[in-house]
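Here the structure comes first, spelled out in structure tokens, and everything after it is commentary.
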Amino acid sequence: NAGVTQTPKFQVLKTGQSMTLQCAQDMNHNSMYWYRQDPGMGLRLIYYSASEGTTDKGEVPNGYNVSRLNKREFSLRLESAAPSQTSVYFCASKLGQYNSPLHFGNGTRLTVT
Amino acid sequence: QQQVKQSPQSLIVQKGGIPIINCAYENTAFDYFPWYQQFPGKGPALLIAIRPDVSEKKEGRFTISFNKSAKQFSLHIMDSQPGDSATYFCAASMSGGSNYKLTFGKGTLLTVNP
């Protein structure tokens, strides 16, 4: 049982380049999330998808787009990367209930030069 | 506006000590308070959670204390071990409204020295 799988694990981009972070879960969860983690800033929600076919902005959505491809997959796209987007990105999923636990992937470390 | 404030930012204790991490929240609609543990290079994982209808919850060496009137909750780690060294996040969510999102504190880096 793989849980939440993120690819790639590491990525270096130049300013202005684009890329897509991939996320897939095999737990039949309804809700999926993208967070970024920066030193001293904790986990900040970028976008989330409460259920297949829906997406909503989180706390820090600017510069990102998402696609809920199907129930399993939720991708995060950076159209024109900026140094401020250097971060560790985590995908997470959970069942729909408010008190169900979030299951996180192991993250993608992105550096934008 | 930071809705969940966590302190301290970092904490160093000796093996066997009892580290305490504190969180305070502002939104009285929050009614679910989990703690997540994160080891280096890994994603966070649920450690323990509490509802506001109880004042304390224990799971093994980990205890959450909850003070509803003060809008505060804390994590205590009994007989701490070097393997407990990790970053700990408190969080809060609500059962009504937008019930899919967790609001996280900024995290506490705990180091337990042998």
> If we scan region B:63-78, do we find a residue that is within 20 Å of residue A:93 (Cβ to Cβ) and out of contact with any helix residue (DSSP H, G or I) (no Cβ under 8 Å at 6 or more places or on another chain)?
Replying inline: no
>> Suppose we keep only residues that are among the hydrophobic types (A, V, I, L, M, F, W, C) and closer than 13 Å to residue B:73 by Cα within region B:1-33. Which one would you say is surrounded by the fewest Cβ atoms within 10 Å (Cβ to Cβ)?
In response: B:20
> Within region B:92-114, can you find the residues that are modelled with pLDDT of 95 or more, within 13 Å of chain A (Cβ to nearest Cβ) and part of a strand (DSSP E or B)?
Replying inline: B:108, B:109
> In region A:24-46, what residues are within 11 Å of chain B (Cβ to nearest Cβ) and outside any loop (DSSP other than H, G, I, E, B)?
Replying inline: A:31, A:32, A:33, A:35, A:37, A:38, A:42, A:43, A:44, A:45
> So which pairs qualify, if the first residue must be in region A:97-113 and more than 7 Å from chain B (Cβ to nearest Cβ), the second must be in a strand (DSSP E or B) and among the basic types (Lys, Arg), the Cβ gap must be under 6 Å, and the two must be at least 6 apart or on different chains?
Replying inline: A:100/A:94
> How many residues, within region A:1-37, are aliphatic (A, V, I, L, M) and open to solvent by less than 40 Å² (accessible area, probe 1.4 Å)?
Replying inline: 6
>> Take the conditions within 11 Å of chain B (Cβ to nearest Cβ) and over 10 Å from the mean Cα position of the chain (by Cα) and apply them to residue A:18. Does it pass?
In response: no
>> Being farther than 19 Å from residue B:19 by Cβ and open to solvent by less than 10 Å² (accessible area, probe 1.4 Å) is the filter here; which residues of region B:58-114 pass it?
In response: B:92, B:93
> Any idea which residue in region A:77-113 is nearest to residue A:36 (Cα to Cα), counting only those that are aromatic (Phe, Trp, Tyr) and out of contact with any Leu (no Cβ under 6 Å at 6 or more places or on another chain)?
Replying inline: A:90
> Only one of (1) in contact with a strand residue (DSSP E or B) (Cβ under 9 Å, 6 or more places away or on another chain); (2) touching a residue at least 40 places away in the same chain (Cβ under 8 Å); (3) farther than 28 Å from residue B:47 by Cβ fails for residue A:52. Which number is that?
Replying inline: (2)
> Can you pull out the residues in region A:71-113 that are over 16 Å from residue B:45 (Cα atoms), modelled with pLDDT of 95 or more, of a type in the set (S, T, N, Q) and open to solvent by 30 Å² or more (accessible area, probe 1.4 Å)?
Replying inline: A:80, A:84, A:86, A:111, A:113
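The values are calculated or read from the model by the stated rules, or taken from the named source; none is laboratory data. Note that this is a predicted model, so its numbers are computed, not measured. Please note: Cβ atoms are built from the backbone with ideal geometry, for glycine as well, and neighbour counts cover all protein chains shown. Note: accessible area is taken over every heavy atom of the protein model, side chains too, but ligands, DNA and RNA are not part of it. Shrake-Rupley method; radii C 1.70, N 1.55, O 1.52, S 1.80 Å.
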